[in-house]
Amino acid sequence: MPTTPSRSRTLRQRITGNPLDPNDASGSMVKPAELVDVVELTPLTLVDRRTYNMLLAFAWDRIDEDIEHAIPKAVLRGAHESNDRLVDTIRRLRAAQVEVRVYRDGRPYIRSISLLGRVDRPEDGDDETGAIFYKFDADMREIIRESSIFARLQTEVMFCFSSKYALALWEMVQKRGNLKHKNTDEFTPDDLRKMLGVPRGKLREFSHFRQKVLIPAVDEVNALSGHMVQIDAVRHGRKVVKLRLIWFPKDEQGLKAAYTEVQRHKAGRKARIGGLAEVIAGPAEMVDEGLER
């Protein structure tokens, strides 16, 4: 008698609370590791990334099935600022091509796939009613079905980040944070640029990449998340050949501070995080020591 194949470890994980509500402190979603350590061939914005996470969360219980999902437009509006256009985000996500690592016969391969399959949206883009109908194509469903590692993302924290680089770094740490025998990972500077979503050809000088992307992202993740993060530059002579990502869980005081910041209004957060980086012996100093000027 045939048996139904067991679902992957990632698919067995459940969402909690309402992961589509930015104000639900209990809300969390699951994101397959393959979609965390992803290389964008089509640059996405912070809002695009958050919206895609919401599409994953909404479809999660049946995401590996060949079915259409219908999410109310009003729900997706939660990912947007007042001047953002949901239609533009949907267009970018529909056109987005990414590269993910897969294994064939035990060997690593890079697979190019689309983030979304078919998408139907109301013709009147300004109409707040109605739903967005969308599907994940067979290649994406296969990747999710075969996934065994994942990141758990707290919705409330996800909506606090002000840059796509910080959001991407946080997702990378959420994927790795619960590993029992590992708290470091190494990347070439070019690979980390790609994984954080730096547009191709931008910030090629390491000093610019460090100043514009790495330091602000580390500061924001350290202020808002349950982990402390640092990135050390590994040099061969004067050339940076590797970037070492290091993470470790916060103590009770650090967790309380992060929770307090998440609950505060975003107005003034940039200044608060900047001040925190100046006075706390920890993340800012570690970044400055590791990422040499």
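Descriptive notes on the structure:
- Residue-averaged [θ]222 nm for the chain, counting only DSSP H segments that reach four residues, each worth -39500 (n - 2.57): -10500 deg cm²/dmol
- Compared with the direct C-alpha span, the chain from ARG264 to LEU41 gains 76.8 nm at full extension, assuming 0.36 nm per residue.
- Remark: for residue pairs LYS180/LYS202; LYS73/LYS256; LYS202/LYS256; LYS31/LYS256, the C-alpha separation exceeds 32 Å in LYS180/LYS202; LYS73/LYS256; LYS202/LYS256.
- Backbone N within the stretch 182-206 under 11 Å of label point (7 Å from LYS212 Cα along the Cβ vector): 198-206
- The stretch 137-194 and the stretch 199-241 have their alpha-carbon centroids 16 Å apart.
- Relative contact order (%) - the chain, alpha-carbon pairs under 8 angstrom, separation at least six: 19 percent
Coordinate-derived values only; no laboratory data. All of these numbers come straight from a predicted model, not from anything done at the bench. Here Cβ is always computed from backbone atoms with ideal geometry, including for glycine, and neighbour counts include all displayed protein chains.
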